[in-house]
Amino acid sequence: MSIIFYHGGEQKKLAEKSLREAEKTFGARVYTIIIPFTDFTEAEEYHQKYYLKNDTQLLHELAGYYPAAESLTDSTAAARINGYLGSNGTLEDLKKEIGALGLSAQGEERLLNTVKPRETGKAGKFLSSVLSACGLAPKKK
C-alpha cells in the first residue's frame, strides 16, 4: 500500500489520474490512499540518505560539497543519488541526469555500475516473473 498527499484540488486530480493510469497499466487495483497534506515530521538524521550513507565512496565525494549533515539532507543531488542507490529510478533515467548530480567521473561510473546490474540481473527478472505470475505485469502496448 502507498499514500499520496496533495496540497490542493489540482494535485488531487493529478494523483487520482495517476492512480487510474497505474491501475490500467497493471490491469489490477493499486492500493493507494490519496489524502490532503496536513503536517510533515522529518525523520531522524540517521534515517536520512540511508543508501548513500552505506556507499562510503559516494558519501565521501559528496561530503566535500555538503560538509554538514543538514546540508547533505537538504541536497536534491544527494536525494537523487540516494534514490538510485535504493533501487528507485532506471538506468535510462540516471543516464539523462547523471551529469547534473555533481559527481566526479569516478563517482558517475560507480553509480552507473550500481544501477546497471540491477536492471539486467537476476533480481529484476525474478521480480518480473513474480509480477507476471500474480497477473500484475504491465500490459504490452
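Of all residues in region 6-34, those being touching a Pro at 6+ places or on another chain (Cβ under 9 Å) and β-branched (Val, Ile, Thr) number 1. Has region 42-51 got at least one residue that is modelled with pLDDT under 95 and within 20 Å of LYS116 (Cβ to Cβ)? The answer is yes, given that some residue of region 42-51 is modelled with pLDDT under 95 and within 20 Å of LYS116 (Cβ to Cβ).
Residue-by-condition table, conditions (1) closer than 23 Å to GLU108 by Cα; (2) in the same structural domain as ARG110 (by TED's automatic domain parsing); (3) not hydrophobic (A, V, I, L, M, F, W, C):
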residue: ALA22; (1), (2), (3): no, no, no
residue: THR25; (1), (2), (3): no, no, yes
residue: PHE37; (1), (2), (3): no, no, no
residue: HIS60; (1), (2), (3): yes, yes, yes
residue: ALA63; (1), (2), (3): yes, yes, no
residue: ALA69; (1), (2), (3): yes, yes, no
residue: ALA78; (1), (2), (3): yes, yes, no
residue: ASN82; (1), (2), (3): yes, yes, yes
residue: THR90; (1), (2), (3): yes, yes, yes
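For region 43-58, filtered to residues that are free of Cβ contacts under 8 Å to residues at least 12 places away in the same chain and not aromatic (Phe, Trp, Tyr), the residue that is surrounded by the fewest Cβ atoms within 10 Å (Cβ to Cβ) is GLU44.
The number of residues in region 1-23 that are in contact (Cβ under 8 Å) with a residue 12 or more places away in the chain, exposed (fewer than 14 other Cβ atoms within 10 Å of the Cβ) and more than 22 Å from ASP74 (Cα to Cα) comes to 3. GLY64 meets the conditions (1) under 30 Å from LEU112 (Cα atoms); (2) surrounded by 12 or more Cβ atoms within 10 Å (Cβ to Cβ) in every case but one. The failed one is (2).
The values are calculated or read from the model by the stated rules, or taken from the named source; none is laboratory data. Remember, it's a predicted structure, so these values are computed and weren't measured experimentally. Neighbour counts run over all protein chains shown; Cβ positions are idealised from the backbone, glycine included.
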